[in-house]
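Undergrad: Have a look at this one.
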Amino acid sequence: MSASIAVTPADIVREAAALRQSLEAGFREEVVTSLYGEVERITRRAVHDSGSRPLELDQRIDHIVTSRWLGLPLMLVILAVIFWITIVGANVPSQMLAAAFFWFEDLAAGWFTQLGVPWWLTGFLWHGVYRGLAWVISVMLPPMAIFFPLFTILEDLGYLPRVAFNLDYLFKRAGAHGKQALSMAMGFGCNAAGIIATRVIDSPRERLVAILTNNFVPCNGRFPTLIMLATVFVAAAFPPAVASLVAAGSVVGIVLVGVLFTLVVSWALSRTILRGEASAFTLELPPYRRPGFARILYTSLIDRTLFVLWRAILTAAPAGAVIWLLANITPGGVSLATRTADFLDPLGWAIGLDGVILLAYIIAIPANEIVVPTMLMVYMSQGMMTELDSLDGLRVLLVDRHGWTMLTAVNLMLFSLLHNPCATTIITIYKETLSAKWTTIGALMPLVIAFAVTFLTAATARAFFGF
Amino acid sequence: MSTEHACETCPMHTEMAQLGAAVGGFDRVVALAGNPNTGKSTLFNALTGLRQHTGNWPGKTVTRAEGGFQFGGVRYKLVDLPGTYSLLSASDDEEVARNFLLFGRPDCTVVVVDASALERNLYLVLQVLEITDRVVVAVNLMDEAKRRGIDVDTRSLARDLGVPAVPIVARTSENVMVLLGEVAAVSAGETVTRPLRPKGTPEFERAVSRLVPLIETAAPGVPNARWIAIRLLDGDASVEEALASGRLAELVARQQAPDARFSRKIALQGAQ
């Protein structure tokens, strides 16, 4: 064969195959062996190893952190401590922010009225848009400003790969890739980022499993919701001395439920529509590194806190406006908000929630961060709660006026954990899979599971515990 | 920070400038390759002034990030590739790295290696050397290695590999200016490298040299026909497929265009 006449790619592939046949069997092994020999020689000449002390402290820490018996409990304790610090630390600033924001709302609305601005414009701007923003900032900013730096420290220390190491065994049992533990850990930051992180998984099947189940760990946007629910509702049923511990414990419990669902759903997918075995991989445990203080502050406050907050603000302002409109357009004397909430009420009741909560979830589809503020605004817009300036007052009013029970709070946490991913995550699933089918499954499967689980807990609680 | 003052008066500083995420107007392209968790992103941030998130875990950078810096009056575009152990398998991140080295034709590729784990890191170095000869090896984390009682003789390393090797500590920017000096010389073609390429058996080399001219005729403009020939002899299905479907040419073109999966936002925020 000569190169001077036209050569088609198929010719080349055929020629290569022929040449391969002519070579001795195992020629490639020879090349690889010589490569290994070469690398070893170069290393021996270049590296001066004075008794190679492996980082002893590192090894001793790893011995404990990744030990068979202590690894997982220690992980839970670390998680609980972080949530506890967040809950205790965020309480007071949250109250102060809320008080300041709502004081200003009344003041500014008063000015508008004095200036003769029409009532609907004042209402729309101050009791709609502004109130939405105020709720988002006071409920979300303090926990985020405490939680994210702590989370970033863990990440920079090198603890997350150890978490993956501890969980690898469980993922393998579920038929999923061990590296899914990494993308799952990343999902605690942001589910969309967790889904991008699944690119480290080679097998398309295992990658899809990781993408479809990433939503089951609560992201940054949902943590404030969970923390707030745990603080205001679950912990309030206990004496003040242990309240913050109970709150931290229940957030850890919810995270565990999320991990459990990740594993169970991965297992189910691996045995049904994404059948297959788990593949092996190596996971490198990096040395512990001292986190850089300035970088932690930058990453956690600018990249994370402000990023999440800004996104929440962008969606909260229009959501506030929508809610105000729903509440103040009153065909036949009944507001649209009330009509919709009443319509959704039977469904809400069946899963231990109510119509207002479901309406809030629908309005908050663009960003999960704003579910609780949206919910509160819908309650308030119904005219039942006109003044609200403290989180305690909030609890009293919800419990007394709207019949919230422990079941409502627990199911709301479960629903928030399991329901459909936010719009950004859904778009990311599409970008990564380029498949409308998997995107639909990724969006609807969690929603179905959320309804099923909350329905079951509601039915059980009503049947056996008299809720 | 008080140290900033000393830096501003240092003559080196006037030579180097971080260009952040500036786009366009670059004179040369430099790629950053390396195993996961060797501090590539740290070096990337130190050079560009960007703040790509540098979590201490393997597989942090899953898409390539780009930034710019200026050194010695030349504007460089720096491309941070995903960390990989090899360039052979077909996982997404390895393919991103491999395709960029093959078809993006960087003027220089900096392979960042971990001084404490040199042996394991060298496999990737040798694979990169198979693809391109414009390589500088940055032996990073020298401080960590010293604490472990490990010292790396970079002169011996450079002699064996046939390309410059520079010891650095990316976290504190120690010796980074020396590294840039080597990058400048290699990318300008002033330093002529003689990369180590383990030769196969004579029959193997004969087979390679028969394929190379064929590949060059069938797909004009394809860089590094030798590498493709080796992959074909190896029976690499993805390369066979790329050649047969004419996707090789397409890949060449696509690597010149900005990667659709890359956005400035990801570069700035990391993957969150």
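The values are calculated or read from the model by the stated rules, or taken from the named source; none is laboratory data. Everything numeric in this text was worked out from a predicted model, so none of it was measured. Cβ atoms come from the backbone with ideal geometry, glycine included; neighbour counts cover every protein chain shown.
Undergrad: Would you point out the residue of the range B:80-96, among those that are at pLDDT 80 or above and surrounded by fewer than 23 Cβ atoms within 10 Å (Cβ to Cβ), that is nearest to residue A:285 (Cα to Cα)?
TA: Only one residue fits best here, namely B:85.
Undergrad: Here's another thing I want to ask about it. Can you tell me which residues in the range B:117-144 are touching a Leu at 6+ places or on another chain (Cβ under 6 Å) and small (Gly, Ala, Ser)?
TA: If the condition is that a residue be touching a Leu at 6+ places or on another chain (Cβ under 6 Å) and small (Gly, Ala, Ser), then B:138 is the only one that fits.
Undergrad: Which condition breaks for residue B:120 when tested against (1) surrounded by 19 or more Cβ atoms within 10 Å (Cβ to Cβ); (2) at the interface with chain A (Cβ under 10 Å from one of its Cβ atoms); (3) within 14 Å of residue B:35 (Cβ to Cβ)?
TA: Unmet condition: (1).
Undergrad: Return the residues of the range A:418-467 that are in a helix (DSSP H, G or I) and among the aromatic types (Phe, Trp, Tyr); say none if nothing qualifies.
TA: Within the range A:418-467, A:430, A:438, A:451, A:455, A:464, A:465 meet the criteria.
Undergrad: Now for a different question. Can you list the strands (runs of 3 or more DSSP E) found entirely within the range B:108-184 that contain at least 1 residues being touching a residue at least 40 places away in the same chain (Cβ under 8 Å)?
TA: Correct list: B:108-114, B:135-140, B:165-167.
Undergrad: Still on this structure, I have one more. With respect to the numbered conditions (1) of a type in the set (Gly, Ala, Ser); (2) surrounded by fewer than 24 Cβ atoms within 10 Å (Cβ to Cβ); (3) within 14 Å of chain B (Cβ to nearest Cβ), which one is the sole condition not fulfilled by residue A:134?
TA: Residue A:134 satisfies all of (1) of a type in the set (Gly, Ala, Ser); (2) surrounded by fewer than 24 Cβ atoms within 10 Å (Cβ to Cβ); (3) within 14 Å of chain B (Cβ to nearest Cβ) except (3).
Undergrad: Just for the range B:198-228: of the residues that are buried (at least 19 other Cβ atoms within 10 Å of the Cβ) and over 26 Å from residue B:79 (Cβ atoms), which one is modelled with the lowest pLDDT?
TA: The extreme case among them is B:200.
Undergrad: Among (1) over 20 Å from residue A:216 (Cα atoms); (2) β-branched (Val, Ile, Thr); (3) under 18 Å from the mean Cα position of the chain (by Cα), where does residue A:460 come up short?
TA: (3)
Undergrad: On to the next question. Residues A:205, A:289: which one is part of a loop (DSSP other than H, G, I, E, B) and either within 14 Å of chain B (Cβ to nearest Cβ) or at negative phi (or both)?
TA: So the residue among A:205, A:289 that is part of a loop (DSSP other than H, G, I, E, B) and either within 14 Å of chain B (Cβ to nearest Cβ) or at negative phi (or both) is A:289.
Undergrad: Filter the range B:99-110 down to the residues that are over 14 Å from residue B:187 (Cβ atoms) and under 10 Å from the mean Cα position of the chain (by Cα) and list them by number.
TA: If the condition is that a residue be over 14 Å from residue B:187 (Cβ atoms) and under 10 Å from the mean Cα position of the chain (by Cα), then B:100, B:101 are the ones that fit.
Undergrad: Taking the range B:185-222, which residues are in a helix (DSSP H, G or I), more than 25 Å from residue B:108 (Cβ to Cβ) and at the interface with another protein chain (Cβ under 7 Å from one of its Cβ atoms)?
TA: B:203, B:204, B:207, B:210, B:211, B:213, B:214, B:217, B:218 - these are the residues of the range B:185-222 that are in a helix (DSSP H, G or I), more than 25 Å from residue B:108 (Cβ to Cβ) and at the interface with another protein chain (Cβ under 7 Å from one of its Cβ atoms).
Undergrad: Scan A:290, A:311 and give me the residue that is basic (Lys, Arg) and either surrounded by fewer than 17 Cβ atoms within 10 Å (Cβ to Cβ) or in contact with a His (Cβ under 7 Å, 6 or more places away or on another chain) (or both).
TA: One residue alone meets the criteria, A:290.
Undergrad: Might you check whether a residue that is within 13 Å of chain B (Cβ to nearest Cβ), surrounded by fewer than 21 Cβ atoms within 10 Å (Cβ to Cβ) and either among the β-branched types (Val, Ile, Thr) or touching a residue at least 24 places away in the same chain (Cβ under 8 Å) (or both) occurs anywhere in the range A:240-256?
TA: Checked the range A:240-256: no residue is within 13 Å of chain B (Cβ to nearest Cβ), surrounded by fewer than 21 Cβ atoms within 10 Å (Cβ to Cβ) and either among the β-branched types (Val, Ile, Thr) or touching a residue at least 24 places away in the same chain (Cβ under 8 Å) (or both).
Table: residues versus (1) in a helix (DSSP H, G or I); (2) facing chain B (nearest Cβ under 10 Å); (3) within 11 Å of the chain's Cα centre (by Cα).
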position	(1), (2), (3)
A:184	yes, no, yes
A:189	no, yes, yes
A:193	yes, yes, yes
A:197	yes, yes, no
A:213	yes, no, no
A:218	no, no, yes
A:221	no, no, yes
A:228	yes, no, no
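Undergrad: It is to be established whether one or more residues within the range A:95-113 are within 27 Å of the chain's Cα centre (by Cα) and under 21 Å from residue A:187 (Cβ atoms).
TA: Checked against the condition, which is being within 27 Å of the chain's Cα centre (by Cα) and under 21 Å from residue A:187 (Cβ atoms), the range A:95-113 yields no hits at all.
Undergrad: With respect to the numbered conditions (1) over 18 Å from residue A:124 (Cβ atoms); (2) hydrophobic (A, V, I, L, M, F, W, C); (3) modelled with pLDDT of 80 or more, which one is the sole condition not fulfilled by residue A:322?
TA: (1) is the only condition that residue A:322 fails.
Undergrad: Say whether the condition of being buried (at least 19 other Cβ atoms within 10 Å of the Cβ) and not in a helix (DSSP H, G or I) is met by at least one residue in the range A:157-171.
TA: Yes - at least one qualifying residue is present in the range A:157-171.
Okay, residues lined up against (1) at pLDDT 85 or above; (2) farther than 19 Å from residue A:139 by Cα; (3) of a type outside the set (Asp, Glu):
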| position | (1), (2), (3) |
| --- | --- |
| A:299 | no, yes, yes |
| A:307 | no, no, yes |
| A:318 | no, no, yes |
| A:330 | no, yes, yes |
| A:354 | yes, yes, no |
| A:366 | no, no, yes |
| A:371 | no, no, yes |
| A:385 | no, no, yes |
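Undergrad: Find the residue count for the range B:130-171, including only residues that are hydrophobic (A, V, I, L, M, F, W, C) and touching a Phe, Trp or Tyr at 6+ places or on another chain (Cβ under 7 Å).
TA: 1
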